[in-house]
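The values are calculated or read from the model by the stated rules, or taken from the named source; none is laboratory data. These numbers were taken from a predicted model, which means no experiment stands behind them. Surface areas here come from the heavy atoms of the whole protein model, side chains and all, with no ligands, DNA or RNA. Shrake-Rupley method; radii C 1.70, N 1.55, O 1.52, S 1.80 Å.
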Amino acid sequence: CSVTCGTGTAEYRRKVIQRPGNNQPSCPPLMKTEPCWEKSCPIDCQVTEWRNTSGCSASSGYGLQTQIRNITVMNKFGGAPCPSTVRVVPCCVEGRQCIPGEWKEVQQCNATSLCGAGTEYQYGKRIRERIWTGKNCPEPE
C-alpha cells in the first residue's frame, strides 16, 4: 500500500510466462492498481489558547491567576495525548491608586501624577496612601 495509514493505492505487477504465438491476442495488462486501506492514521489532541478564568488574587503586587483551555479535538489511534487544560500563573497588579472617600470638603491627593506616590488628608488627618512600585508587571510564563 502507498501509505502507512488511511487510504492509499496498491500496485500489482506480473510477468509474462509465455508469449502469444502468431495471430494470437496480445497479453492482458501486466500492471494494475487498486485502492488499499491501512490502519487509521493517528490524530493528535488539539486545544484552544489559554484564557483567564479569574482575576489576579492580589489587589496590589504579585498574586496568582487561573487559566484554562478547551480540548477541540481528542486524540485517537495513538495520536499525541492532550496537555493540561488548567494552569495557575503569576500575575501582578500595579500599585494602588488614590480612591476618594465619602466625606465633605476633602483635599485632593498631593501627588502630581496618576501613578506617583501621595497621601490623602481629611482635616489634616492622613486617611490613605497611594503606592506605586515604579516597575511594570512581568509577562506570565
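The mean accessible area for residues of the range 12-102, using a 1.4 Å probe and ignoring ligands and nucleic acids, is 80 Å² per residue.
Tally up the carbon and sulfur contribution to the accessible surface of the range 1-100 as a whole percent, 1.4 Å probe, everything protein left in place.
In the range 1-100, the share of accessible area belonging to carbon and sulfur is 53 percent.
Length gained on full extension, residue 52 to residue 88, computed as 0.36 nm times the residue gap minus the Cα-Cα distance: 12.0 nm. Computed with a 1.4 Å probe over protein heavy atoms only, the accessible area of residue 76 comes to about 110 Å².
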